[in-house]
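Q: Mind looking over this structure? Questions follow.
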Amino acid sequence: MRIIRFSSVHRFINNHSSANLINLDRLPYMANASWSPYRTCLPGTNIPLIDDIVRWIPGTTSAGRDHVQRIYLLVGRPHCGKSSVSHTIAQMLRGERRLGSAIFLARDVDGRNSSRTIFSTIAYDLAAFHPKIAEGISRVIREDPSVPTAAIERQFKELIVGPTQDLTIIGPVLIIIDGLDECKDTEDRRHLLHVIAEELHHLPANFRILITTRPDPDIGATFGDLNHCRHWEMYFDDSRDIRDARTCIKETISELAAVRPIVFGKYAINMVEKQLMKRAMNFQFLAATACWYLMVASDGTAALFFEKLLSKPFPKTAKASMGHLYDAILQAIFVESHTIFEIASKVVFKVLISGQCPSILAAKSLVPLTTISGCHPIDTLYKLGWILDKVDTSGLHVLMLHPALEAFITDKQWSTDGQFCVDLNIEYAMPIAEMCLHVMNSLFSHNMCQFEDTSLLNSELPEKEEHIQQFVPESLQYASQHWAGHLLDVKHNTSQVLDWLHEFLFKHLLHWIELSSLMGQLDASLASLKLVYEWLKVCSISSGMYTDINEMLQRSLSLTSSQ
């Protein structure tokens, strides 16, 4: 029984006679083979490939010149994400009304593993895409009812090429054939390949065909030397690991069991392996992310990761699985219970998203405490590839979040408990200023560089730079240089930061001046102190603490200006 997509036909039913619709109904149609919004790529994955396809579709090179690459051949091993890319591109082009047809073949599904209905299905979809194409196809079938089941050469020429010849559409039209290797009959597939390779140039110049396939000698031989074919060999999304999901997990668990069995904590090794395989849902990106984290995590944080992940219910979708994985990893990385630390992750994520973080040092200053492993959370995120070092248009380095992680932490519905969800509308100057003041209040001490003779001049101190690097944490170096600048950016609720500022000025001001002098930044530091004084006057807060801070700044400026 032929299955008709009435929803597709409905778009042009008012412009066609019932006879035309009956003619179109004679086209053999591959049922349940279209794209699905639930099978698109996970957020932030396969971005270079998707960008390349998007640039290829309009038919121009980076220099703006027309190119002749009408076919995009995407080749990759099983489960590397080819079909997810196809579903993603199909969804994008459908939204732009540029998707002519999308067919997803499946070797083990009857009706979706034969090349004989590919062109008739494409013709049916094109009829739904444009009424003039529908008129042309209907006319062909009316004049010769044998065409819908004729040899595929005739189907291509008479049902697709002919009806599109006089079409006037500005912009590209994309046809997707996903899983070309899934056609079971080898001879039929070779026949199909020959038709596509030899006859494609008869289609209008704005038509494109995206084909995905596993590595196959016939397909490679057919398209390998074609000038009008663009090739992309797809590996697994995470270039650090090209194994399939199950092998990736099995080998990682085996290695951990041999050298670090303590990471499994209370869980049986076989059970952990099975749980990870099931939760990865055969997505290599998920498996590689989990395995890579386990390889860089300490014993304590790896055990905590297992505890957090395995306590979650089994996900129903790949996106949910990805959310559970990110939650568990972030919970294992950010384990401190201090109030400041609880908001540190959101602050650093917000700064990274804003593109205002120039270095790992700056990012570390926003997360002042270490995890139970002794490894700074920012270092772990960087090792995972979740923090990227980019160069902006002015040539300056800037840190950014990996798009997949950014998508996760900015989506309230995706983040399962909202612990790491970042609201981009919230001002982040206040938390950053608080972080810097907290770092200084926590880490400053007298003679923290541990010089034996504190009576010496800076120029007389032996191995001064070495002492600074050894005894002054990176976070403190950043905070001491930038706290004032961040404080000046605070425009609202300024009273919230006064507690931290009061403690700093009354307990650690001299320690800060001492370090600034050692680092050769005394003049800049004293100038920033004056700016803080001016900022405080503008705030006009009426409280005893405000008065104390104001008087302290006045005395400090008076003393330093008299020197």
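The values are calculated or read from the model by the stated rules, or taken from the named source; none is laboratory data. These numbers were taken from a predicted model, which means no experiment stands behind them. Neighbour counts are summed over all protein chains in view; Cβ atoms, including those assigned to glycine, are modelled from backbone coordinates with ideal geometry.
Q: Select from the stretch 57-80 the residues that are at pLDDT 50 or above and of a type in the set (S, T, N, Q) and write down the one among them that is farthest from Asp181 (Cα to Cα).
A: Step by step, filter the stretch 57-80, then rank; the result is Thr60.
Q: What pairs come out if I take residues in the stretch 129-158 that are touching a residue at least 40 places away in the same chain (Cβ under 8 Å) and pair them with residues that are assigned to a helix (DSSP H, G or I) and of a type in the set (S, T, N, Q) whose C-beta lies under 7 Å away, six or more apart or interchain?
A: From residues that are touching a residue at least 40 places away in the same chain (Cβ under 8 Å), the pairs are Pro131/Asn15; Ala134/Asn20; Glu135/Asn20; Ser138/Asn20; Ser138/Asn23; Ile141/Asn23; Arg142/Asn23; Pro148/Ser120.
Q: Residue under question is Arg240, and the condition is that it be outside the structural domain of Asp379 (by TED's automatic domain parsing), of a type in the set (Lys, Arg) and at pLDDT below 85; does it hold?
A: Values: outside the structural domain of Asp379 (by TED's automatic domain parsing): yes; of a type in the set (Lys, Arg): yes; at pLDDT below 85: yes.
Yes.
Q: Filter the stretch 135-162 for residues that are outside any helix (DSSP H, G or I) and polar (S, T, N, Q) and give the result. Don't jump to the end; show me each part of the working.
A: From the stretch 135-162, those outside any helix (DSSP H, G or I) are 144-146, 150-151; that's our starting set.
Within the stretch 135-162, just Ser146 meets the criteria.
Q: Can I ask one more? On the basis of being crowded, with 19+ Cβ neighbours inside 10 Å, in a helix (DSSP H, G or I) and touching a residue at least 60 places away in the same chain (Cβ under 8 Å), does Thr252 make the cut?
A: When the stated conditions are applied, Thr252 does not pass them.
Listed here are the residues, each with its yes/no results for (1) in the same structural domain as Trp56 (by TED's automatic domain parsing); (2) out of contact with any His (no Cβ under 8 Å at 6 or more places or on another chain); (3) within 29 Å of Ser84 (Cα to Cα); (4) modelled with pLDDT under 90.
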{"residue": "Ala134", "(1), (2), (3), (4)": "yes, no, no, no"}
{"residue": "Asp144", "(1), (2), (3), (4)": "yes, yes, no, no"}
{"residue": "Ala150", "(1), (2), (3), (4)": "yes, yes, no, no"}
{"residue": "Ile169", "(1), (2), (3), (4)": "yes, no, yes, yes"}
{"residue": "Ile176", "(1), (2), (3), (4)": "yes, yes, yes, no"}
{"residue": "Thr186", "(1), (2), (3), (4)": "yes, yes, yes, yes"}
{"residue": "Leu203", "(1), (2), (3), (4)": "yes, yes, yes, no"}
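Q: Could I ask something else about it? Which one of these does Leu93 not meet: (1) under 18 Å from Trp35 (Cβ atoms); (2) outside any helix (DSSP H, G or I)?
A: (2)
Q: Do the conditions hold for Phe223, that is, is it more than 24 Å from Met30 (Cα to Cα), touching a strand residue (DSSP E or B) at 6+ places or on another chain (Cβ under 8 Å), surrounded by 21 or more Cβ atoms within 10 Å (Cβ to Cβ) and in the same structural domain as Arg139 (by TED's automatic domain parsing)?
A: Yes; evaluated as a whole, the condition is true for this residue.
Q: Across the stretch 163-181, what is the number of residues that are assigned to a helix (DSSP H, G or I) and surrounded by fewer than 22 Cβ atoms within 10 Å (Cβ to Cβ)?
A: Here is the first cut: in the stretch 163-181, the residues assigned to a helix (DSSP H, G or I) are 163-164, 180-181.
Remaining after also requiring surrounded by fewer than 22 Cβ atoms within 10 Å (Cβ to Cβ): 181.
Total satisfying the criteria: 1.
Q: When you look at Asn32, is it in contact with a Ser or Thr (Cβ under 6 Å, 6 or more places away or on another chain) and either part of a helix (DSSP H, G or I) or modelled with pLDDT of 70 or more (or both), yes or no?
A: Working: in contact with a Ser or Thr (Cβ under 6 Å, 6 or more places away or on another chain): no; either part of a helix (DSSP H, G or I) or modelled with pLDDT of 70 or more (or both): yes.
The answer is no for Asn32.
Q: So, one more: Tell me which of these Gly44 doesn't satisfy, since it passes every other one: (1) surrounded by fewer than 14 Cβ atoms within 10 Å (Cβ to Cβ); (2) touching a helix residue (DSSP H, G or I) at 6+ places or on another chain (Cβ under 9 Å); (3) at pLDDT below 85.
A: (1)
Q: Which of the residues belonging to the stretch 183-216 are under 33 Å from the mean Cα position of the chain (by Cα), over 26 Å from Arg139 (Cα atoms) and surrounded by fewer than 21 Cβ atoms within 10 Å (Cβ to Cβ)?
A: Selection gives Arg214, Pro215, Asp216.
Q: With the structure loaded, tell me whether Val422 is in contact (Cβ under 8 Å) with a residue 24 or more places away in the chain, over 20 Å from Leu557 (Cβ atoms) and in contact with a Pro (Cβ under 6 Å, 6 or more places away or on another chain) or whether it fails that test.
A: Answer is no for this residue.
Q: If you don't mind, there's one more thing I want to ask. Could you grab the pairs with beta carbons closer than 9 Å, sequence gap of 6+ or different chains, first residue in the stretch 168-190 and over 10 Å from Gly100 (Cβ atoms), second one of a type in the set (Phe, Trp, Tyr) and surrounded by fewer than 24 Cβ atoms within 10 Å (Cβ to Cβ)?
A: Ile177/Phe104; Asp178/Trp35; Asp178/Phe104; Gly179/Phe104; Glu182/Phe104
Q: Counting only residues that are assigned to a loop (DSSP other than H, G, I, E, B) and over 20 Å from Leu42 (Cα atoms), which one in the stretch 263-319 is nearest to the chain's Cα centre (by Cα)? Reasoning before the result, please.
A: Taking the stretch 263-319 and keeping what is assigned to a loop (DSSP other than H, G, I, E, B), we get 265-268, 281-283, 297-298, 311-317.
Right, trim to over 20 Å from Leu42 (Cα atoms) and you get 265-268, 297-298, 311.
On the way: Gly265: 31, Lys266: 33, Tyr267: 31, Ala268: 32, Ala297: 21, Ser298: 25, Ser311: 25 Å.
Filtering the stretch 263-319 for residues that are assigned to a loop (DSSP other than H, G, I, E, B) and over 20 Å from Leu42 (Cα atoms), the one nearest to the chain's Cα centre (by Cα) comes out as Ala297.
Q: Here is a further query. What about Asn447, is it of a type outside the set (A, V, I, L, M, F, W, C), at positive phi and assigned by TED's automatic domain parsing to the domain that holds Tyr533?
A: Numbers: of a type outside the set (A, V, I, L, M, F, W, C): yes; at positive phi: yes; assigned by TED's automatic domain parsing to the domain that holds Tyr533: yes.
Against the criterion (of a type outside the set (A, V, I, L, M, F, W, C), at positive phi and assigned by TED's automatic domain parsing to the domain that holds Tyr533), Asn447 qualifies.
Q: Follow-up. Looking only at the stretch 346-392, filter to residues that are crowded, with 22+ Cβ neighbours inside 10 Å and among the small types (Gly, Ala, Ser); which one of those is modelled with the lowest pLDDT?
A: Among them, the one singled out is Ser365.
Q: For the stretch 197-218, give me each residue that is farther than 21 Å from Trp56 by Cα and not in a loop (DSSP other than H, G, I, E, B).
A: Once the filter is applied, which keeps residues that are farther than 21 Å from Trp56 by Cα and not in a loop (DSSP other than H, G, I, E, B), the stretch 197-218 yields Pro217, Asp218.
Q: Quick one: in the stretch 393-415, of everything that is more than 30 Å from Ala318 (Cβ to Cβ) and part of a strand (DSSP E or B), which residue is modelled with the highest pLDDT?
A: Once the filter is applied, the top-ranked residue is Val398.
Q: Need pairs with beta-carbon distance below 6 Å; first residue closer than 11 Å to Lys507 by Cβ and within the stretch 430-447, second part of a helix (DSSP H, G or I) and among the aliphatic types (A, V, I, L, M); sequence gap 6+ or separate chains.
A: Partner pairs satisfying both residue conditions: Met440/Ala479.
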